[in-house]
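**Student:** To start, I am sharing the structure in question, which I have written as structure tokens.
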């Protein structure tokens, strides 16, 4: 009887091992405790390749929102650097309004408008030809005139208002660059993009931005282009100011 009970217990143990995937063997057994993929199921797939069921395809990874925003911020900084570089190479022209200061000579500081002949009139210096000069060269020209009356004058010139006003349209437009801002009528964002040849096929149209510098800071204004062009809401079309930058980013999808 005891022998019968031992044999029965051994049979039950073998059956249980078979159900949970255990291998009963000697020291050389190397199979895993848990069963591997069934036949016909790829190791990196979640569905079997049975007839009528296509194999699972993973969707390509797309950049997340934080990555997109970080990339656009970097691009905006590149755009601002480009605009600064262009303005540093600017040549003074007629109708520009110049803010001129002389170090430790506050009484001499003032705003002067460049005449149609390209000349400014400044205290003690008299008439100075500045049109066609860079800001640094204009400062040197004023210094040269002041030397007769001021010991070692230090002059700073800042262009407060450009006579030849312009805006920049950059990014995913067909003809990026600077464009004159008309004096007879306002220029809107959509009109400026039209001047630049319109959007490219890679443009993220509804992420269009206007970058506006004011007192050393940059304000970024989002433009709802689809609402303007498709929805007909002209109230969302921003009127541009001198030196505004219209930036159209690239789409990532």
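The values are calculated or read from the model by the stated rules, or taken from the named source; none is laboratory data. Being a predicted model, the structure only gives us computed values, none of them experimental. Counting neighbours? That spans all protein chains shown, and the Cβs are built from the backbone with ideal geometry, glycine included.
**Student:** Testing residue 150 on (1) in contact with a helix residue (DSSP H, G or I) (Cβ under 9 Å, 6 or more places away or on another chain); (2) modelled with pLDDT of 95 or more; (3) not assigned by TED's automatic domain parsing to the domain that holds residue 236, one condition comes back false. Which one is that?
**Tutor:** (2)
**Student:** Assuming residue 167 fulfils every condition listed in (1) surrounded by 17 or more Cβ atoms within 10 Å (Cβ to Cβ); (2) modelled with pLDDT under 95; (3) assigned to a helix (DSSP H, G or I) apart from one, which condition is it?
**Tutor:** So residue 167 meets the others, but not (3).
**Student:** Further, regarding this structure: Please find, among 193, 228, the residue that is over 19 Å from the mean Cα position of the chain (by Cα), modelled with pLDDT of 90 or more and surrounded by 13 or more Cβ atoms within 10 Å (Cβ to Cβ). I'd like the intermediate steps shown before the answer.
**Tutor:** Details: 193 fails: over 19 Å from the mean Cα position of the chain (by Cα).
The unique qualifying residue is 228.
**Student:** Considering only residues that are touching a residue at least 24 places away in the same chain (Cβ under 8 Å) and either farther than 21 Å from residue 83 by Cα or in a loop (DSSP other than H, G, I, E, B) (or both), which ones fall in the range 199-209? Break it down into steps so the answer makes sense when it comes.
**Tutor:** Within the range 199-209, the first condition is being touching a residue at least 24 places away in the same chain (Cβ under 8 Å), and the residues that meet it are 199-200, 202-205, 207-209.
Across the range 199-209, the qualifying residues are 200, 202, 204, 205, 208.
**Student:** If residue 137 meets every condition in (1) assigned by TED's automatic domain parsing to the domain that holds residue 242; (2) free of Cβ contacts under 8 Å to residues at least 12 places away in the same chain apart from one, which number is that one?
**Tutor:** All conditions are met except number (1).
**Student:** Out of all the residues in the range 210-221, is one or more assigned to a loop (DSSP other than H, G, I, E, B) and modelled with pLDDT under 95?
**Tutor:** To start, the set of residues in the range 210-221 that are assigned to a loop (DSSP other than H, G, I, E, B) comprises 215-216.
From what is left, the residues that are modelled with pLDDT under 95 are 215-216.
Looking for residues that are assigned to a loop (DSSP other than H, G, I, E, B) and modelled with pLDDT under 95, one finds at least one in the range 210-221, hence yes.
**Student:** For the range 231-253, how many residues meet the condition of being within 12 Å of the chain's Cα centre (by Cα) and part of a loop (DSSP other than H, G, I, E, B)?
**Tutor:** Total satisfying the criteria: 2.
**Student:** Anything in the range 75-92 that is buried (at least 16 other Cβ atoms within 10 Å of the Cβ) and either part of a loop (DSSP other than H, G, I, E, B) or free of Cβ contacts under 8 Å to residues at least 40 places away in the same chain (or both)? List them, or say none.
**Tutor:** If the condition is that a residue be buried (at least 16 other Cβ atoms within 10 Å of the Cβ) and either part of a loop (DSSP other than H, G, I, E, B) or free of Cβ contacts under 8 Å to residues at least 40 places away in the same chain (or both), then 92 is the only one that fits.
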